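All remarks here apply to the structure that follows.
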Amino acid sequence: MPDPHDPKQQLQCWASAYGGDQLARTGYAGAEALAGTAPRCVDPEADRVERIVQRMESQGRWREARVLRAEYFMAGLPESERLQRLSRIGVSIGRSAYYAYLKSAIAFVEGALTGEPA
């Protein structure tokens, strides 16, 4: 049975819960991405992950947070499209920087998940 406290699964749950209409609000995708809504994750851990990502942004690590959102909210898009959409919202980075920011963001979230009470 999968571990519900696995950080990777918590990130997937967060993407399921926050990836829909949040995309249009934050400029990550157009209305076409909202047409087919996936079942929402109702796990309270998704809210916890969102608070952690918002804290990351407020601490000046907004590039990492936006790359994390792009990776998980737009997982079905090709890498080049995710990079273009990030560029449109002010995060003009190349492929290697994308993965460096992603690795940093995942480490931040994993550290926060293990370091803060639920």
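The values are calculated or read from the model by the stated rules, or taken from the named source; none is laboratory data. Not measured: the values here are computed from a predicted model. All Cβ positions, even for glycine, are placed from backbone atoms using ideal geometry, and neighbour counts span all protein chains on display. Accessible surface areas use protein heavy atoms only, side chains included; no ligands, DNA or RNA. Shrake-Rupley method; radii C 1.70, N 1.55, O 1.52, S 1.80 Å.
Whether any residue in the range 78-97 is closer than 18 Å to GLN10 by Cβ and either open to solvent by 30 Å² or more (accessible area, probe 1.4 Å) or modelled with pLDDT under 90 (or both) is what I want to check. The answer is no, given that none of the residues of the range 78-97 is closer than 18 Å to GLN10 by Cβ and either open to solvent by 30 Å² or more (accessible area, probe 1.4 Å) or modelled with pLDDT under 90 (or both).
Across the range 45-68, the qualifying residues are those that are small (Gly, Ala, Ser) and assigned to a helix (DSSP H, G or I), and the one among them that is modelled with the lowest pLDDT is ALA46. Inside the range 4-31, residues that are at pLDDT 60 or above and in a helix (DSSP H, G or I) make up a count of 12.
Residues in the range 59-68 that are free of Cβ contacts under 8 Å to residues at least 40 places away in the same chain and either under 14 Å from the mean Cα position of the chain (by Cα) or closer than 17 Å to PRO7 by Cα (or both): TRP62, ARG63, ARG66, VAL67.
Matching residues to (1) farther than 25 Å from ARG48 by Cα; (2) in a loop (DSSP other than H, G, I, E, B); (3) touching a residue at least 12 places away in the same chain (Cβ under 8 Å):
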{"site": "ALA70", "(1), (2), (3)": "no, no, yes"}
{"site": "ARG82", "(1), (2), (3)": "no, no, yes"}
{"site": "SER87", "(1), (2), (3)": "yes, no, no"}
{"site": "ILE93", "(1), (2), (3)": "yes, yes, yes"}
{"site": "ALA100", "(1), (2), (3)": "no, no, no"}
{"site": "ALA107", "(1), (2), (3)": "no, no, no"}
{"site": "GLU110", "(1), (2), (3)": "no, no, yes"}
